[in-house]
Amino acid sequence: MSALYAARNLVRRHGERVALRLAGFEVARGEAVAVTGANGAGKSTLLRLLAFLDEPDEGTIEFFGEAALEPRRQATLLLQEPYLFKRTVFENVAFGLRARGQTRELAAKVADALGVVGLEPKAFAPRQWFELSGGETKRVALAARLALTPLALLLDEPTANLDAASAEAVRLAVQVAKERGAAVIAASHDRDWLGGLFDREIVLG
Amino acid sequence: MNYLADGFVQAFALLAAVDPETFAAVWASLKTTALALAAAAALGIPAGFALGYGRFPGRRALRLISDTLLAFPTVLIGLLVYAFVSRRGPLGEWGLLFTIAGMAVGSAILAMPIAVSLTAQAVESLDPRVRDTALTLGARGFKVALTCLAETRYQVMLAMVSAFGRVITEVGIAMMLGGNIKWETRTITTAIALETGKGDFARGIALGFVLLAIAFAVNAMLVTLRRRAAR
């Protein structure tokens, strides 16, 4: 498998404090990698770097995606506590597609993404952001990322505060993302959830 | 005390009969406020957003000035605008003095710092995940900024409702720039001041009721918007 990410000598600081120090690693296209480590080891910091939301203070991250597209449009991050825009579920899931100008068959793409995370499209698409439970919010946020068919799906504690059913729905959705060719990189403390889904582990700290 | 009780009775009679003079003042107040708010929103919301969202030299100083202008005395605004629009003033040719448009200019200056400061405050206190989410879903510069503004829409509406309440209840600007001309620029507040001076409490009380009803509606809107903003 060809490499998607190649990171070298990464250092990221928050003020004086070193939030992340990592010698280097590679992630191949379609690979599923778990990022583990104690609280404060830098898991979220690493995912933000891989999502191109922040830049490393030292070191490099190379991304071997589609040359014609900027990397930030090929890698997407599900935050530990995802934010939904003050809009309907449909508009939240459609947001990234609209941002890319991919509005052809928008309704079908949104319905597919909602279906993948186990939410019935007809029932959920018209709902407002405040009409969702915590688990449903996370699944809608995941659907918004899956709709983009990213090359890299980055997940920060995807099962935190989820009940067993929602955690299982997220697991199945990640499985689908893998089958559709996404590299999945997830930071999690939930070893049971990680087991069987991920090819290998990057241990921080 | 009889004159006060009589005043209340007559006030209800004026309102019930849709007294033209009373409602001319209400109409003048609403027109002035609508024009002032349109101008304050068109200029103040983008300026407030730029102050809250942007990072540029002098931003803090501008924020401080805008916050200070929140306490701008209305008679001082009246005085300054009067100096500009009076016949001898630099904008004298425009004929704004003693017109609804002239009052709206002064009221817009009163509303502007409210629109700017409260919009800037709303954007500054925006959840940082909004920007992260827009970025990670692939939005770029202008789209990210628009998304952030859209997420603060209830707070921005709150700012404009607050500005509405401030503008419609002020008296100094309306008196100085409107001149309290019957059927033309006599607003709710200047009419109350005049009628009270003349001892005609009935019309004063009737207009007071209208003002209170408007204040009630404004506050009801504020409560609803605050609840929505907190979701």
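Here is how the numbers come out for the structure above:
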| item | result |
| --- | --- |
| Some residue of region B:164-171 being more than 14 Å from chain A (Cβ to nearest Cβ), under 20 Å from the mean Cα position of the chain (by Cα) and among the hydroxyl-bearing types (Ser, Thr, Tyr) | yes |
| 1 or more residues within 14 Å of chain A (Cβ to nearest Cβ) and farther than 26 Å from B:Arg227 by Cβ: qualifying helices (runs of 4 or more DSSP H) within region B:84-156 | B:128-136, B:141-151 |
| First in region B:74-86 and modelled with pLDDT under 95, second anywhere and among the aromatic types (Phe, Trp, Tyr) and open to solvent by 80 Å² or more (accessible area, probe 1.4 Å), Cβ under 8 Å, 6 or more apart | B:Val85/B:Trp94 |
| Every residue from region B:44-81 that is outside any helix (DSSP H, G or I) and within 27 Å of B:Ala150 (Cα to Cα) | B:Gly54, B:Arg55, B:Phe56, B:Pro57, B:Gly58, B:Leu70 |
| Qualifying residue in region B:138-156 (condition: touching a Gly at 6+ places or on another chain (Cβ under 8 Å), open to solvent by 20 Å² or more (accessible area, probe 1.4 Å) and of a type outside the set (Gly, Ala, Ser)) | no |
| Test set (1) in contact (Cβ under 8 Å) with a residue 24 or more places away in the chain; (2) within 14 Å of chain B (Cβ to nearest Cβ) - A:Phe64 fails condition number | (2) |
| Test: B:Gly197 is farther than 30 Å from A:Gln80 by Cα and open to solvent by 50 Å² or more (accessible area, probe 1.4 Å) | yes |
| Hits in region A:170-205 - residues which are open to solvent by less than 10 Å² (accessible area, probe 1.4 Å), farther than 11 Å from A:Ala34 by Cα and part of a loop (DSSP other than H, G, I, E, B) | A:Ala182 |
| Pick from region A:148-163, criterion assigned to a loop (DSSP other than H, G, I, E, B) and aliphatic (A, V, I, L, M), ranking: surrounded by the fewest Cβ atoms within 10 Å (Cβ to Cβ) | A:Ala160 |
| In region A:100-117, the residues that are closer than 24 Å to A:Leu77 by Cβ and either of a type in the set (Asp, Glu) or buried (at least 19 other Cβ atoms within 10 Å of the Cβ) (or both) | A:Lys109, A:Val110, A:Ala111, A:Asp112, A:Ala113, A:Leu114, A:Val116, A:Val117 |
| Region A:71-99, residues that are basic (Lys, Arg) and either under 10 Å from A:Ala147 (Cβ atoms) or open to solvent by 50 Å² or more (accessible area, probe 1.4 Å) (or both) | A:Arg87, A:Arg98 |
| Among (1) within 8 Å of chain B (Cβ to nearest Cβ); (2) outside any strand (DSSP E or B) - the single one A:Val93 does not satisfy | (1) |
| Qualifying positions in region A:117-135 - assigned to a helix (DSSP H, G or I), at pLDDT below 95 and away from every other protein chain (no Cβ under 14 Å) | A:Gly134, A:Gly135 |
| Leading residue by the ranking (farthest from the other protein chains (Cβ to nearest Cβ)) among those in region A:75-85 that are modelled with pLDDT of 95 or more and touching an Asp or Glu at 6+ places or on another chain (Cβ under 8 Å) | A:Leu78 |
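The values are calculated or read from the model by the stated rules, or taken from the named source; none is laboratory data. Everything numeric in this text was worked out from a predicted model, so none of it was measured. No Cβ is skipped: glycine too gets one built from the backbone with ideal geometry, and neighbour counts run over all protein chains shown. The protein model used for the area step is the full one, side chains on, heavy atoms only, and it has no ligands, DNA or RNA in it. Shrake-Rupley method; radii C 1.70, N 1.55, O 1.52, S 1.80 Å.
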